[in-house]
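The values are calculated or read from the model by the stated rules, or taken from the named source; none is laboratory data. None of the values given here were measured: they were computed from a predicted structure. Reconstructed Cβ throughout: ideal geometry from the backbone, glycine too, with neighbour counts over all protein chains shown. In case anyone asks, the SASA skips ligands and DNA or RNA and just uses the protein heavy atoms, side chains included. Shrake-Rupley method; radii C 1.70, N 1.55, O 1.52, S 1.80 Å.
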Amino acid sequence: MKTILIVMPVQEPHRQYLESIAAGCRCVCSTPQTVTREEVAEAEIILGNVPPALLAGAEKLEWIQLNSAGFDAYVKPGILRPDVLLTCATGAYGLAVAEGMLAMTLALCRKLDLYAKNQAEHLWRAEGAITSVWGSTTLV
């Protein structure tokens, strides 16, 4: 029976779904902060980001699916055996990053941080000229 170590936030319905599609496998849930070397050593599959230092002795590991786009820490010498499949979440966060950049651009143009601080301090004053993105060119 394969062991799947899930080291990412999962709510109960998600955990149940993962267990239902992984019939014949044992699913173990943990977090990056609480995962143990023993849990990593027993896993054939890891879903999520475990501290890379725990992977050095993972002899049973066949596949690790990171829940981050970045994977640099996992390809350093001595972290994973060459035969371990490493996949990451490249592309999964594109929309969220784009929306975040748009929100920050508008917030900076409108000085929303200054006005929010003023509001919290019950200050009602102008913070100078604001800009508009209409007709502008923005470099990100």
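Please verify whether Ala129 is surrounded by 10 or more Cβ atoms within 10 Å (Cβ to Cβ), modelled with pLDDT under 95 and assigned to a loop (DSSP other than H, G, I, E, B), treating the condition exactly as stated. Step through it out loud before you land on a result.
Working: surrounded by 10 or more Cβ atoms within 10 Å (Cβ to Cβ): no; modelled with pLDDT under 95: yes; assigned to a loop (DSSP other than H, G, I, E, B): yes.
For Ala129, the condition - surrounded by 10 or more Cβ atoms within 10 Å (Cβ to Cβ), modelled with pLDDT under 95 and assigned to a loop (DSSP other than H, G, I, E, B) - is not met.
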- Sole miss for Lys60 among (1) within 20 Å of Ile6 (Cβ to Cβ); (2) surrounded by fewer than 16 Cβ atoms within 10 Å (Cβ to Cβ); (3) without any contact (Cβ under 8 Å) to a residue 40 or more places away in the chain is condition (3)
- Looking at region 20-50, which of its residues are of a type in the set (Val, Ile, Thr) and either open to solvent by less than 70 Å² (accessible area, probe 1.4 Å) or under 12 Å from Ile79 (Cβ atoms) (or both)? Val28, Thr31, Val35, Thr36, Val40, Ile45, Ile46, Val50
- Query: Only one residue in Ala116, Ala53 is among the hydrophobic types (A, V, I, L, M, F, W, C), farther than 30 Å from Gln33 by Cα and open to solvent by 50 Å² or more (accessible area, probe 1.4 Å). Which one?
  - Reply: Ala116
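On the basis of being touching a Pro at 6+ places or on another chain (Cβ under 9 Å) and β-branched (Val, Ile, Thr), does Val97 make the cut? Talk me through it step by step, then tell me what you get.
Numbers: touching a Pro at 6+ places or on another chain (Cβ under 9 Å): no; β-branched (Val, Ile, Thr): yes.
When the stated conditions are applied, Val97 does not pass them.
Just checking, which of Glu59, Glu12, Glu19, Glu38 is in contact with a Cys (Cβ under 6 Å, 6 or more places away or on another chain) and acidic (Asp, Glu)?
Residue meeting the stated conditions: Glu19.
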- Item | Filter result (without any contact (Cβ under 8 Å) to a residue 12 or more places away in the chain and in a loop (DSSP other than H, G, I, E, B)) within region 86-126 | Glu121, His122, Leu123, Trp124, Arg125, Ala126
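From the list Glu62, Glu12, Glu19, pick out the single residue that is at pLDDT 95 or above and over 30 Å from Gly135 (Cβ atoms). Let's see the steps before the verdict.
On the way: Glu12 fails: at pLDDT 95 or above; Glu19 fails: at pLDDT 95 or above.
Every option except Glu62 fails the conditions.
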